[in-house]
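*Asks:* There's a structure below that I have some questions on.
Coordinate-derived values only; no laboratory data. Since this is a predicted model, take the numbers as computed values, not measurements. Methodologically, a virtual Cβ is constructed for each residue, glycine included, from the backbone with ideal geometry; neighbour enumeration extends over all protein chains shown.
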Amino acid sequence: MIDALYAQYRGELVQWCETMTDDRHSAEDLVQEAFLRALENVALLTVLDEPRRRAWLYRTVKNLFIDRVRHGRFEALTDAPPEEAHESEEYAAIEWRETLDSLEPEERELFTLRYLGGYNASQLGERLGLPPGTVRARLSRARNRLKTTLEQGGTE
């Protein structure tokens, strides 16, 4: 069964992953890792119908990608040469402020309230007079803008 899934979905999964990673090699690695997970979960996959198997594969690849992004950031931080603790904290605080300043004021307020203040989209919507869906859309734009800023090496 895994061979059939591999033959049927490998190509489209690699293409989908390549749009996320912008790297063919990383995309192929993610798909291979997803099929290794499929081998480990063959009992589950045999009871699922075909659309659910496909969904399982896509969800697994997406989760693996998210894990790699998180680990990549962690590894990049841990690979840096050690600095004195207080200097490192000061630089981090300055860098964080500069990164947040790359957002529009409304986005910065939403982002800060959501991720530093702990409010959810419904609470923010009530507080700011916006529908929760609008709050989520604006937060998504803010996260994407921050991601772009961080990928470009921060603010300059």
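*Asks:* Determine, for each peptide in 25-37, 137-149, the mean count of other beta carbons within 10 angstrom over its residues, then list the peptides with the highest first.
*Replies:* 25-37, 137-149
*Asks:* Another question, if that's okay. Considering only C-alpha atoms, what is the centroid distance from region 50-71 to region 104-156, in Å?
*Replies:* Between the Cα centre of region 50-71 and that of region 104-156, the gap is 25 Å.
*Asks:* Kirkwood hydrodynamic radius, computed over distinct alpha-carbon pairs, for region 2-78: how many Å, to one decimal?
*Replies:* So the Kirkwood estimate lands at 12.9 Å.
*Asks:* Per-residue HN-Hα couplings for region 49-64, Karplus 6.51 cos²θ - 1.76 cosθ + 1.60 at θ = phi - 60°, whole Hz, x for Gly and Pro?
*Replies:* 7, 4, x, 6, 5, 4, 4, 4, 5, 4, 5, 5, 4, 4, 5, 5
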